Structure formats: structure tokens, C-alpha cells
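The values are calculated or read from the model by the stated rules, or taken from the named source; none is laboratory data. Quick caveat, the model's predicted, so the values are computed rather than measured. For neighbour counting, all protein chains shown are included, and Cβ atoms are generated from backbone atoms with ideal geometry for every residue, glycine included.
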Amino acid sequence: MTRSSSRRCSDAGQAFPIYITVVAGLLFLAFAYLAVGQAAANRNGAQTAADAAALAAALDTRDQLADQWVKDVLDPTKWQAIFNGNGVEFDGCGRAYQLAAQNDAGVNDCWSPEPLYYKVEVQTDKTVGDSIVPGTDDMKSTASATAEIESLCTFELPGEDAGDDVLPALTCKDDRTWELDPDDLTDLPGPEDLFDVHLAD
């Protein structure tokens, strides 16, 4: 074997451990990125479940408020209280539990901090999963969301000389005005006309 051949073999032998170290490092980074991706996906799932649960609770109560308005449509003195969220009990958390379960999560807490608002906190049923990061195999993600019920309608009570059988016009979203006839209440605004439901910032 010539001296140059011997040197090439020696260089190759020295490079092999470096190559193994570099490959091992790259594999570690790949698994670390995978763990980060798993955790991010789990957190996103938790946030989706929280958003859905909060919106479900608010939508359930919105429908109850709309139903109460229909019941009291002939007594406009009660309308504003309903539009302020004082017409029904805020018991929409049952729907929050259902929607969280449909999104593979459980509700840790659900409450109405004030009329027309719901706040929901959830935790995922699934863990982040096995990874090279210690402790992630049984770690679950949590998230919270707040949903708001917003009244979309305004009105002015008729004067005392208008008579008891006169209902005020109801102006709702997109400036649509509902002229309400107490003798013909077949065409009334629906829940989506009376209230908007959205996630609060």
C-alpha cells in the first residue's frame, strides 16, 4: 500500500465518527421538530374545542333569548331587558360540554361572567404523545375562549298617546326595519336577526 493510499484510508476512518455524529444530531433535531409539531397540533385542537364550546353555549342562550322575545312581543316594555341578556337564565354550558366532547376535549370550566358572555376552558382528551421530549407522553393541552351574544336591534317605545295596541318598529342588522302588527305576527325576526354570536377578542 502506498503512502497516499494509507493517508486516504486514515482520513476516511477519522471522518466516519464525525459523519455518525452529524447524522445523529440531524435525527435528534428531526425528532425534536416532530415533538414540537405534535404539541402545536394538540394545542390547536384544544383551542378549536374551546372556541366551539363557547360558541355553542352562546348560541343556545341566544335562541332562548329570541324565544323569550317572541313570548313578550306584545309587551315592548320587556324588550330591552331581553336584548340586554336579562330575559333568560344563562344555562348554555350543557351545549358547551357536548361540543367539547365532539372535538375530543373535556370542559374544565364554563361560566357566564356577565350577561351576554360565556367563557369556557377545556382540556384535550388526547396527550401530545411519545417523543424524545421527556414528560410529553401524558401531557394534555388546555385552552380557553370567550363568546359574546350581541344584540342587533334597536327600537323606541311609542308615546303614551299611541295606545296599548301599537308596537314599536324594530330596526335590526343591515338597517332592516320590522313593522310589527299586533294583529298579524306571522313575520317576526329570527334569532339570527335579533342577536349575533361571535368569539370575543
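Residues in the stretch 97-104: is at least one modelled with pLDDT of 95 or more and touching a Pro at 6+ places or on another chain (Cβ under 9 Å)?
For the stretch 97-104, residues modelled with pLDDT of 95 or more and touching a Pro at 6+ places or on another chain (Cβ under 9 Å): absent.
Residue under question is GLY129, and the condition is that it be at positive phi and either at pLDDT below 95 or under 14 Å from the mean Cα position of the chain (by Cα) (or both); does it hold?
Values: at positive phi: yes; either at pLDDT below 95 or under 14 Å from the mean Cα position of the chain (by Cα) (or both): yes.
It is true that GLY129 is at positive phi and either at pLDDT below 95 or under 14 Å from the mean Cα position of the chain (by Cα) (or both).
The conditions are (1) within 18 Å of VAL197 (Cβ to Cβ); (2) at pLDDT below 95, and GLU148 fails exactly one of them. Which is it?
(2)
Considering the stretch 86-105 alone, what residues qualify as being under 14 Å from ALA56 (Cα atoms) and either free of Cβ contacts under 8 Å to residues at least 24 places away in the same chain or among the polar types (S, T, N, Q) (or both)?
GLN98, ALA101, GLN102, ASN103
Considering ASP187, ASP174, ASP196, ASP201, which residue is exposed (fewer than 12 other Cβ atoms within 10 Å of the Cβ), touching a strand residue (DSSP E or B) at 6+ places or on another chain (Cβ under 9 Å) and at pLDDT 80 or above? Step through it out loud before you land on a result.
On the way: ASP174 fails: touching a strand residue (DSSP E or B) at 6+ places or on another chain (Cβ under 9 Å); ASP196 fails: exposed (fewer than 12 other Cβ atoms within 10 Å of the Cβ); ASP201 fails: at pLDDT 80 or above.
Answer to the selection: ASP187.
How do the pairs read when you match residues in the stretch 73-85 that are basic (Lys, Arg) with residues anywhere that are in a loop (DSSP other than H, G, I, E, B), using Cβ under 7 Å and keeping only pairs 6 or more apart or on different chains?
LYS78/ASP72
Can you spot a residue in the stretch 38-51 that is in contact with a helix residue (DSSP H, G or I) (Cβ under 6 Å, 6 or more places away or on another chain), buried (at least 19 other Cβ atoms within 10 Å of the Cβ) and at pLDDT 60 or above?
Of the stretch 38-51, the ones in contact with a helix residue (DSSP H, G or I) (Cβ under 6 Å, 6 or more places away or on another chain) are 49.
Then drop every residue that is not buried (at least 19 other Cβ atoms within 10 Å of the Cβ), which leaves 49.
So of that shortlist, the ones also at pLDDT 60 or above come out as 49.
There is at least one residue in the stretch 38-51 that is in contact with a helix residue (DSSP H, G or I) (Cβ under 6 Å, 6 or more places away or on another chain), buried (at least 19 other Cβ atoms within 10 Å of the Cβ) and at pLDDT 60 or above.
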